[in-house]
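Working notes, beginning with the structure itself.
The values are calculated or read from the model by the stated rules, or taken from the named source; none is laboratory data. Values in this document were obtained by computation on a predicted structure and should not be read as measured data. FYI the Cβ positions are ideal-geometry reconstructions off the backbone, even for glycines, and counts take in every protein chain you see. Surface areas here come from the heavy atoms of the whole protein model, side chains and all, with no ligands, DNA or RNA. Shrake-Rupley method; radii C 1.70, N 1.55, O 1.52, S 1.80 Å.
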Amino acid sequence: MLQDLENNFSELEKKILILQKNYKNLTERLSELNSEHEELKAKYDEERRRNQVLAEEQKNIKLYSAISGNPEHNRLMKNHINRLVKEIDFCIAQLQNSGL
């Protein structure tokens, strides 16, 4: 009976050591994954900013192309001018309403 208890404790001790080792490995892996996640998040943010810059550059290129007389972008230029005229009209109306 005493031998059985010692064997049981020995088995439990082995299982505890295995569990501790697994826990340590898992915490190390979690740390690695968190670090990788932060790196990927930073890369994503940088690429998103870069994408926004490129989209703005593309918009400006189309606008410059329309200004230079490129017939493909005439509609874009007309829309841009109409939007600016509406903004100016809105500003004038606000100034008139405020009494300036």
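Quick notes on this structure:
- Rounded to the nearest 10 degrees, the inclination of helix 2-67 to the longest alpha-carbon principal axis of the chain is 10 degrees.
- Residue separation of Ser35 and Glu56 scaled by 0.36 nm, minus their Cα-Cα distance, works out to 4.4 nm of gained length.
- Each listed q (0.11, 0.14, 0.16 Å⁻¹) maps to a log10 I(q)/I(0) for the range 1-68, found by the Debye formula over equal Cα scatterers with no solvent: -0.59, -0.70, -0.76.
- Spin-label model, Ser65 to Tyr23: label points 7 Å out along the Cα-to-beta-carbon direction sit 6.3 nm apart.
- Taking all protein chains as shown and a probe of 1.4 angstrom, Leu76 keeps an accessible surface of around 70 Å².
- Computed helical MRE - 222 nm, the chain, DSSP H runs ≥ 4 contributing -39500 (n - 2.57), nearest 500: -34000 deg cm²/dmol
- Nitroxide proxy distance, nm - points 7 Å out along Cα→Cβ at Ile16 and Arg75: 7.7 nm
- Principal-axis tilt of helix 74-98 within the chain, Cα atoms, nearest 10 degrees: 80 degrees
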